[in-house]
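Notes to accompany the following structure.
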Amino acid sequence: MSLPKCSNCNHQFKWISIFKRLWKFNQVIGCPNCKTKLYPSSKFRNKVSYLSLLCLFVSFGLQIFNIPNFALIPLIVILWVCLVLTMPYIYSFDSKERPLW
Ligand SMILES: [Zn+2]
């Protein structure tokens, strides 16, 4: 896993700049080096939806094992925090905005 690079000038983005952008409605990132506008790729958006679904299934799946709530809730929180923290690494850019499907 590596952090995404600008498709135009190969500038490597910082984890924190991608992470901050993920929380904004407008996810277009401007490259600080060449000022190119970069859009989240449909591949990235698909990966995020599959990973979120996987986390959701695992969260519900853990309840089958009769894990007590005081252990289950931190486990689920850790799972989601891990997902959110790794998102900048799976981020990929596209030079054009494309529909999700
Ligand atoms: Zn660039």
Checklist entry - In this structure, is residue 42 within 14 Å of the chain's Cα centre (by Cα) and of a type in the set (Gly, Ala, Ser)? => result yes
Checklist entry - Mind checking which residues of the stretch 1-49 are more than 13 Å from residue 91 (Cβ to Cβ), touching a residue at least 24 places away in the same chain (Cβ under 8 Å) and in a helix (DSSP H, G or I)? => result none
Item to check | Neighbours by Cβ (under 8 Å, 6+ apart or cross-chain): first from the stretch 64-93, in contact (Cβ under 8 Å) with a residue 24 or more places away in the chain; second of a type in the set (Gly, Ala, Ser) and exposed (fewer than 15 other Cβ atoms within 10 Å of the Cβ) | outcome: 83/52; 89/2
Next on the checklist: It is to be established whether one or more residues within the stretch 53-75 are within 16 Å of the ligand (Cβ to nearest atom) and at pLDDT 85 or above.
Outcome noted: no
Checklist entry - How about the stretch 22-48: which of its residues are surrounded by 15 or more Cβ atoms within 10 Å (Cβ to Cβ) and within 15 Å of the ligand (Cβ to nearest atom)? => result 29, 31, 36, 38, 39
Item to check | Members of the stretch 28-47 found to be in contact with a helix residue (DSSP H, G or I) (Cβ under 7 Å, 6 or more places away or on another chain) and within 13 Å of residue 87 (Cα to Cα), listed by number | outcome: 44, 47
Checklist entry - Take the residues of the stretch 8-21 that are among the hydrophobic types (A, V, I, L, M, F, W, C) and closer than 18 Å to residue 85 by Cα: which is nearest to the ligand (Cβ to nearest atom)? => result 13
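The values are calculated or read from the model by the stated rules, or taken from the named source; none is laboratory data. The shown structure was predicted, so the numbers you read here are calculated from the model rather than taken from an experiment. We place every Cβ from the backbone using ideal geometry, glycine too, and count neighbours over all the protein chains shown.
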